[in-house]
Every structure is written in structure tokens, then in C-alpha cells.
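Step one of this worksheet: look at the structure below.
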Amino acid sequence: MTEIRMRVNGVVHSLDVEPWVSLLDALRERLGLTGPKKGCDQGACGACTVLADGVRINACLALAVQYADKEITTIEGLAQGGELHPVQQAFIRHDGFQCGYCTSGQICSAVAMLAEHAAGMPSVVSGSAARAELTDAEIRERMSGNLCRCGAYNGILDAIREVAT
Ligand code: FES
């Protein structure tokens, strides 16, 4: 067992974890934060996406002990002051989900992607070093790590496009 201190959604927690415990299991089973979902448990679906210092990661592939000093944000931490995050509100307006299992990962990923864009990330579609235009193709490519088995992609795209513009 290793004792780690982890700041999650603004609250510092002290946790005893075995070195092999994933960040996803630590969040869900030790801290009761069940927003991040376990889909594939091998880095393929994105359902477990959370933010570590603002960067999106697959929590199923991360060991909790590696993230002891990071600021972790889950879907539970996005709403502020009783208001849903603008991306959460847009997903509701545009029906960006059906069963909802992928939704927390989709939204965390979209929040990070919009921050990447605001920071001037180059296009992943054109390969140009210039700041990317957030076209539908660019959004799709940047969100391609988050799968939706229900096929709610049009609503997801509409929601992200609305917040981006
Ligand atoms: Fe982590 Fe699928 S559960 S990527």
C-alpha cells in the first residue's frame, strides 16, 4: 500500500492504494465518483476520460500513484456555483447522448479539447502548424477517442460546435 494525497474536484483526499490500482478504480471505488465510466478498461472507448491538470486522459490506463500530485477533474467537478458547465448545458440542448454511458467522458474530453483550441493548438486534420479552425472535421478528429455506441454523434458535434462559436 502507498499513501497518496490527491486533489480531486478541488478537494484533497488521502488514499491508501496498491501501486497497481488505476486512477479510474481509485476515483470510482475509493472516492465514490462514478461519473467516469469503465467501458473497455483498455484505453479504447474514452468513457473514463477525466482531466489531469486540464489535460484529458484515459483514467483506466493511468495508475493512481502516478497522479498523486495532479489536479484531477471529473464530470462531478465541472459544474460551478450550482450552474452546469456550458458544455454540459449544450449537450442537453442538442441531445448529445442517448443512454448516457459515454457522456461524462465525451464532455470532459470536449472541455479539454476546447481549451486546447483556445490555447492555439495546430490542426490535426490539415497538419498545418497554423492555429486550427474548429471545423466539424477538426472537432470529429479531436473527439475521435470518445466512442458512442448509441450513435449520438450529430448531437455531440452540434453541442461542441455551439460552445466553440
Ligand atoms: Fe478507459 Fe475505455 S474505459 S478508454
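Take the conditions loosely packed, with under 13 Cβ neighbours inside 10 Å and among the hydroxyl-bearing types (Ser, Thr, Tyr) and apply them to SER123. Does it pass? No; evaluated as a whole, the condition is false for this residue.
Within the range 97-108, residues that are outside any helix (DSSP H, G or I) sit with their Cβ atoms under 8 Å from residues that are buried (at least 17 other Cβ atoms within 10 Å of the Cβ) and of a type in the set (Lys, Arg), at 6+ positions apart or across chains, in these pairs: TYR101/LYS37; CYS102/LYS37.
Residue pairs whose Cβ atoms lie under 6 Å apart, separated by 6 or more positions or on different chains, with the first residue in the range 72-94 and closer than 18 Å to ILE160 by Cα and the second of a type in the set (Ser, Thr, Tyr) and at pLDDT 95 or above, are ILE75/SER104.
In the range 109-129, the count of residues that are assigned to a helix (DSSP H, G or I), touching a strand residue (DSSP E or B) at 6+ places or on another chain (Cβ under 6 Å) and within 25 Å of GLU76 (Cβ to Cβ) is one or more. If VAL163 passes every condition in (1) under 17 Å from the mean Cα position of the chain (by Cα); (2) part of a loop (DSSP other than H, G, I, E, B); (3) among the hydrophobic types (A, V, I, L, M, F, W, C) but one, which one does it miss? Just one mismatch for VAL163, condition (2).
Per-residue answers, yes or no, for (1) within 16 Å of the ligand (Cβ to nearest atom); (2) exposed (fewer than 15 other Cβ atoms within 10 Å of the Cβ); (3) not assigned by TED's automatic domain parsing to the domain that holds ARG140:
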site: CYS40; (1), (2), (3): yes, yes, yes
site: ALA47; (1), (2), (3): yes, no, yes
site: ASP53; (1), (2), (3): no, yes, yes
site: ALA62; (1), (2), (3): yes, no, yes
site: ALA90; (1), (2), (3): no, no, no
site: CYS99; (1), (2), (3): yes, yes, no
site: ALA112; (1), (2), (3): yes, no, no
site: GLU116; (1), (2), (3): no, no, no
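For the range 20-32, does any single residue satisfy the condition of being of a type in the set (Val, Ile, Thr) and assigned to a strand (DSSP E or B)? Looking for residues that are of a type in the set (Val, Ile, Thr) and assigned to a strand (DSSP E or B), one finds none in the range 20-32, hence no.
Inside the range 20-33, residues that are free of Cβ contacts under 8 Å to residues at least 24 places away in the same chain and within 13 Å of the ligand (Cβ to nearest atom) make up a count of 1. The set of residues in the range 95-134 being out of contact with any helix residue (DSSP H, G or I) (no Cβ under 9 Å at 6 or more places or on another chain) and polar (S, T, N, Q) consists of SER128 alone. Right, ARG56: of a type in the set (Lys, Arg), modelled with pLDDT of 95 or more and not in a helix (DSSP H, G or I) or not? So ARG56 fits the description; yes.
The values are calculated or read from the model by the stated rules, or taken from the named source; none is laboratory data. All values reported here derive from a predicted model rather than from experimental measurement. Every residue, glycine as well, gets a Cβ built from its backbone with ideal geometry; the counts of neighbours run over all protein chains shown.
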